[in-house]
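Engineer: Here's a structure for you.
The values are calculated or read from the model by the stated rules, or taken from the named source; none is laboratory data. No experiment lies behind these values; they were computed from the predicted model shown. Ideal geometry is used to build each Cβ from the backbone, glycine not excepted, and the neighbour counts take in all protein chains shown. Please note that ligands, DNA and RNA were not included when accessible areas were found on the heavy atoms of the full protein model with its side chains. Shrake-Rupley method; radii C 1.70, N 1.55, O 1.52, S 1.80 Å.
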Amino acid sequence: MSVRRRKWKLVPLVTLVATASAVVAMSASARPTASAIKIAVLSDCQGEFGSFDNQDMAGVVTAMAQYAG
């Protein structure tokens, strides 16, 4: 019985060590400054649907404005 009790006493310690390790790992990998996110848009600029290029780009701008707030 004493072996089982010792194992159960180690569970909070192991949980604490795992949590502390996760916090240290996240803080070490976090960047202090934010960098720009680059987004590419694929649209038909030529051919049958080339005349709708402005509407395609306007849709992308609108979607990004709604997402960004």
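Matching residues to (1) part of a helix (DSSP H, G or I); (2) open to solvent by 90 Å² or more (accessible area, probe 1.4 Å); (3) modelled with pLDDT of 80 or more:
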residue	(1), (2), (3)
S27	yes, no, no
G47	no, no, no
D56	yes, no, yes
A63	yes, no, yes
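Engineer: Ok, one more. Does the range 7-14 contain any residue that is aromatic (F, W, Y) and at pLDDT 75 or above?
Structural biologist: The answer is no, given that none of the residues of the range 7-14 is aromatic (F, W, Y) and at pLDDT 75 or above.
Engineer: Can you report the number of residues in the range 32-45 which are exposed (fewer than 10 other Cβ atoms within 10 Å of the Cβ), farther than 20 Å from A68 by Cβ and modelled with pLDDT under 80?
Structural biologist: 1
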